[in-house]
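The values are calculated or read from the model by the stated rules, or taken from the named source; none is laboratory data. Source: prediction; values computed, not measured. Every residue, glycine as well, gets a Cβ built from its backbone with ideal geometry; the counts of neighbours run over all protein chains shown. The area values use the complete protein model at the heavy-atom level, side chains included, leaving out ligands, DNA and RNA. Shrake-Rupley method; radii C 1.70, N 1.55, O 1.52, S 1.80 Å.
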Amino acid sequence: MIILGIESSCDDTSAAIIKDCILMSNVIASQRVHEAYGGVVPELASRAHQQNIVPVVSEAIRQAGISKSDIDAIAFTRGPGLPGSLHVGTSFSKGLALALGIPLVDVNHLHGHVLAHFIKEDESTPVPEFPFLCLLISGGNSQIIRVDSPCEMEILGQTIDDAAGEAFDKCAKVMGLPYPGGPIIDRLAQEGDPTRFKFAKPHIEGYNYSFSGLKTSFLYTLRDELKNNPNFIEENKAHLAASLQKTIIDILMDKFGKAIKDTGIKTVAIGGGVSANSGVRAAVQQYCDRRGIKAFIPKRSFTTDNAAMIAVAGYFKFSNGETCDITAPPFARVVI
């Protein structure tokens, strides 16, 4: 079964081809125009998708060494995401499906991040056993998900305000770092002392997360220190980054560890853009190694938005007999 996946939820235009979960191509066109604005500008993102989507899909098909007539179904990101960006991918997918006379499969973008672990580069690629727990962490979402099958997922906990990725980026912006700030914080943190500064950690019941208090604590620390030393940020940039990263990881692992212990599940995974963070990856791996738990840490190329994960999620839905009506609109917000 050959699936074409199309992803356009935010600012990356991507197309991928998989054959029975084995990756044949994965092409991504990123948009650098947003760096000057300190964040993604929705109107600019949708215009760039319109320019990129045809050459990106064409290149994915070329790299896979197939023709359009070989494709069995088209999987596309229906949501959540930026409405304008989603409309570009949705409209293109519908038009191509009609032209080729093949089915459409709509994919929840968050499901794609969870199922990215089933992208195979060859037959020997290991994949998680069901059930497993997935810590999904990105700029817009922080969730602990119980995954019982590719089509059966349950949210055990999620952020009640800001996501972990948003905390990284917003705090980086306050420090005057360029966008996106998360990767820069990660690089700086490797040179700093993670115990130098203390920031607020929330006390939320259950498995839910909160990062708004941390952002406020970070902002107030900078405000107070800058009154006494105008060069405080520049002189402590690495220490601030390391302390911020440690605090976010402590918050994430506290609830994730509680969920692992309470459920007794022995296989875990992480996904989403923040799962590329070196501190997060190390913390999850170390936690699991100490307890004899199997950890699945994705390749960094599969942590950011990409069409390979959409194609894999679509493969499982299509194998389960699930397709999408041609009139189905995209949606900006949704839960698993």
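Quick notes on this structure:
- Residue in region 292-299 that is assigned to a helix (DSSP H, G or I) and either open to solvent by less than 40 Å² (accessible area, probe 1.4 Å) or farther than 19 Å from Gly139 by Cα (or both) present: no
- Residue among Val88, Val57, Val33 that is modelled with pLDDT under 95 and not basic (Lys, Arg): Val33
- Condition met for Leu135 (under 15 Å from Met309 (Cα atoms), in contact with a helix residue (DSSP H, G or I) (Cβ under 8 Å, 6 or more places away or on another chain) and not in a loop (DSSP other than H, G, I, E, B)): no
- Apart from one condition, Asp186 fits all of (1) in contact with a helix residue (DSSP H, G or I) (Cβ under 9 Å, 6 or more places away or on another chain); (2) among the acidic types (Asp, Glu); (3) open to solvent by 50 Å² or more (accessible area, probe 1.4 Å); the exception is (3).
- Pro230 surrounded by fewer than 20 Cβ atoms within 10 Å (Cβ to Cβ), at pLDDT below 95 and not small (Gly, Ala, Ser): no
- Taking the criterion of being at pLDDT below 95 and more than 17 Å from the chain's Cα centre (by Cα), the only residue of region 4-20 that qualifies is Asp20.
- Region 1-81 holds strands (runs of 3 or more DSSP E) entirely within its bounds, and those carrying 2 or more residues that are crowded, with 24+ Cβ neighbours inside 10 Å map to 2-7, 13-19, 73-79.
- Of the residues screened, Gln143 is one that is open to solvent by less than 50 Å² (accessible area, probe 1.4 Å) and assigned to a strand (DSSP E or B).
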